[in-house]
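The values are calculated or read from the model by the stated rules, or taken from the named source; none is laboratory data. Owing to the predicted nature of the structure, the values given are computational and were not obtained by experimental measurement. We place every Cβ from the backbone using ideal geometry, glycine too, and count neighbours over all the protein chains shown. With ligands, DNA and RNA removed, areas are computed over all heavy atoms of the protein, side chains included. Shrake-Rupley method; radii C 1.70, N 1.55, O 1.52, S 1.80 Å.
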Amino acid sequence: MPKFIESFAPLASNYDVLLCDVWGVVHNGVAAFAPACDALVRFRSAGGTVILVTNAPRPGAAVERILGRLKVPREAYDAITSSGDVTRGIVEARRGQKVFHLGPERDLPIFSGLDMAFAPLEDADYVVCSGLFDDTIETPENYRGMLALMRERALFMVCANPDIVVERGDALVYCAGALADAYAALGGEVLYCGKPHAPIYRSALAAAAAWRGGADPPLKRVLAVGDSVRTDLKGAKAFGLDCVFVTSGIHAEEVGGRHAPDLAALDKVFSAAGVAPIAVTRALTW
């Protein structure tokens with residue numbers, strides 16, 4: 001079982017770069033977590049570099065505006081790497097092809113300025129999935145017919161957010177990853193743009209290198225922080241990074257609640273996943 005830590009400060013000097021998850025660690029979709037923001041500010045003030053790494057299906061600039069509205073201080077991070085940025089690169093490489101956008105209108109900035117055209121599902125060349133049309137009332141079950149039609153047409157899907165669920169306040173809502181997994185289960189071809197897949201980590205480390213004068217940071221000096229076993233923990237470990245796991249995020253109910261995690265339950269979760277962090281904490285605090 002990984003060690004349980006109450007504060008991040010004792011670990012901080014072991015790392016030069018922090019790749020920090022956003023939703024569930026820095027905020028809950030409604031408000032910023034002040035202790036987490038303070039920890040990031042302190043890490044940076046000691047010379048560390050913080051790259052926020054998010055599966056948000058939006059460009060990093062749009063994520064920054066959202067963070068501002070949620071009162072996440074700008075001095076808490078150096079740069080943002082989003083799955084939306086990775087998605088934009090794929091769409092750009094397919095310029096001229098027609099896209100069916102499966103997701104809410106709020107995600108349309110992901111396509112801003114790109115040479116592409118939208119089309120209905122029946123005429124599209126491929127699909128970009130950024131989420132459910134209305135994640136407040138829908139579940140993947142609502143999309144069974146649409147996914148079947150996509151499979152019938154053998155459409156390629158770009159998943160702009162591999163998360164299956166995410167916290168919004170005290171509730172869990174479905175994300176694009178749930179639809180992408182359902183499509184893959186039907187035999188559909190899916191490309192996942194965010195964590196736990198390597199492209200977003202390469203992009204994040206390139207951003208860190210740029211902030212640190214161009215030198216690639218040694219992987220042993222890079223720490224990932226996140227609250228999802230599937231995306232944050234597995235992604236970091238597959239890329240060769242240490243990870244601190246936050247228990248008060250999406251797995252909170254599985255492991256005894258937000259305030260008093262059950263270490264035995266945590267051990268079962270990590271054993272089932274076949275991967276473990278270097279440490280666990282209730283929340284990111286200095």
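Using 7 Å Cα-to-Cβ label points, what is the Gln97/Asp115 separation (nm, one decimal)?
Here the answer is 1.5 nm between the modelled labels.
Mind ordering 193-205, 115-127 by average Cβ neighbours within 10 Å, highest first?
193-205, 115-127
On the accessible surface of the chain, probed at 1.4 Å, how many percent belong to carbon and sulfur atoms?
Summing carbon and sulfur atoms, their accessible area is 53 percent of the total for the chain.
For region 60-173, taking Cα atoms only, what is the radius of gyration to one decimal and the Dmax to the nearest whole Å?
So, for region 60-173, Rg and Dmax equal 15.5, 49 Å respectively.
Can you give the calculated 222 nm mean residue ellipticity of the chain, where each DSSP H run of n ≥ 4 adds -39,500 (n - 2.57) and the sum is split over every residue, rounded to the nearest 500 deg cm²/dmol?
Details: 9 runs with 87 residues, N = 286.
When only DSSP H runs of four or more count, the value is -9000 deg cm²/dmol.
Test of understanding: express the Cα radius of gyration of the chain as a ratio to 2.2 N^0.38 Å, with N the residue count.
0.99
Evaluate the relative contact order of the chain (contact order divided by residue number), counting alpha-carbon pairs under 8 angstrom at least 6 apart; express in whole percent.
23
Enter the accessible area per residue of region 87-227 (Å², integer; probe 1.4 Å; all protein chains in place).
That works out to 46 Å² per residue.
Points 7 angstrom from Cα along the Cβ direction at Glu152 and Ala272: gap in nanometres?
Using points 7 Å along Cα→Cβ, the separation is 3.6 nm.
Once you list every other residue whose beta carbon is under 15 Å from the beta carbon of Gly103, what net charge do they have if Lys and Arg are +1 and Asp and Glu are -1?
Net charge around Gly103: -3.
Working only with C-alpha atoms, what are the Rg and Dmax values of region 147-231, expressed in angstrom?
Considering region 147-231 through its Cα atoms, Rg and Dmax are 16.4, 49 Å.
Hey, can you rank 2-9, 211-218, 222-229 by average C-beta count inside 10 Å, highest first?
Answer by packing, highest mean first, reads 222-229, 2-9, 211-218.
Once you've got the Cα coordinates, tell me which of Lys195/Lys234; Lys3/Lys268; Lys237/Lys268; Lys3/Lys237 are over 20 Å apart.
none
Specify the angular offset, from 0 to 90 degrees and rounded to the nearest 10, of the alpha carbon long axis of helix 176-185 from the longest principal axis of the alpha carbons in the chain.
Once rounded, the angle reads 60 degrees.
Helix 263-273: angle to the longest alpha-carbon principal axis of the chain, degrees 0 to 90, nearest 10?
For 263-273 against the chain, the angle is about 40 degrees.
Which of the aspartates and glutamates could a cross-linker bridge to Lys220, judged by Cα under 18 Å and excluding same-chain residues fewer than eight apart?
Qualifying aspartates and glutamates at Cα under 18 Å: Asp16, Asp232, Asp242.
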